[in-house]
1. Under a GNM of the chain (C-alpha, springs under 10 Å), which listed residue has the highest mean-square fluctuation: S12, S114, S60?
2. Using Cβ counts within 10 Å as a stand-in for footprinting exposure, how do I27, I155, I83 rank, fewest first?
3. What value, in deg cm²/dmol to 500, does the helix sum -39500 (n - 2.57) over DSSP H runs of n ≥ 4 give at 222 nm once divided by the residues of the chain?
4. Is there a quick way to get the dipole size of the range 34-152? I mean about its Cα centre, with the Cβ of Lys and Arg at +1 and of Asp and Glu at -1; what is the value in debye to the nearest 20?
5. With springs only between Cα atoms under 10 Å apart, run a GNM on the chain and tell me which of K33, K54, K142 wobbles the most.
6. If you take the alpha carbon radius of gyration of the range 117-160 and divide it by 2.2 N^0.38 Å, what ratio comes out, to two decimals?
7. Using only Cα atoms, locate the centre of the range 96-131 and the centre of the range 40-77, then give the distance between them in Å, rounded to an integer.
8. Which whole-Hz couplings ³J(HN,Hα) result when phi for each residue of the range 93-106 is put into the Karplus expression 6.51 cos²θ - 1.76 cosθ + 1.60, θ = phi - 60°, listed in order with x for Gly and Pro?
Amino acid sequence: MKNANVMWVGLSAKKAINAEICAPLHIDTNTGKLVAEIEARCRHASFYKTNLVKFPPLDSKGKLRYPTPEECVLCYPELQVEIQTVNPRVVLLLGNKTATFVLRQIGLQMPKLSYRYRSFEYGGKWYVPIQHPSYIMVYKRKEKNRYVQAVKAVIERLVS
C-alpha cells in the first residue's frame, strides 16, 4: 500500500474475470474514467483507490447487488486499517451509500449533496462526501464539467 494524500472510497468491488480490471475505480469503467480525469487535473495530489466492501456482493443469480449493512459493518475495520496505513489528508466518499455509512461510523450526519462539498475533519483527516461518478455519468452527464471542477476544487483546497 502506498501513501497518498487523497483516498477515493467506493462502495464495493465489482465482478470481473480479470483481477486487474476489478481493481477499485479501474479506468475501464465509466467511474474510473471520470476519476482519472479529475486526478489528471490535480497535479499536486497523489491518489489511492479502494472500496468499503472488498468483495463483489452477488445475489442468488450471480448478479452484482448493493452490499447489506452487515457486509459494510464486517468490512469497515479493514477500511479503517487502510486509512491509517495510506494516511491520506482527504478521504472522498463516493455516493450516498458509502458516505452515509462511513460518516455514521464516525458520528457524523450525511449532508445533502450539492457541488459545494462540505468537508468534515475527523482524526486529522478530511472526509468529503461527493456524488458517485457513475451517478454523474448516467443521470447528470450535462453537469460533468461542473462536478469535475467542484471535486478538483475541494481536493486542492484540502491538500494544499
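1. S60
2. Ordered from fewest to most neighbouring Cβ atoms within 10 Å, I27, I155, I83 come out as I27, I83, I155.
3. Result for the chain: -12500 deg cm²/dmol, rounded to the nearest 500.
4. Working: 20 positive and 9 negative charges, 134 e Å.
Here the range 34-152 has a charge dipole of around 640 debye.
5. Most flexible of the set in this elastic network: K142.
6. 1.27
7. 16
8. 9, 8, x, 4, 5, 5, 4, 4, 5, 5, 4, 4, 5, 9
Laboratory data are not the source of any read-out in this text; all were calculated from the coordinates shown. No experiment lies behind these values; they were computed from the predicted model shown. Cβ: placed from backbone, ideal geometry, glycine included. Neighbour counts: every protein chain shown.
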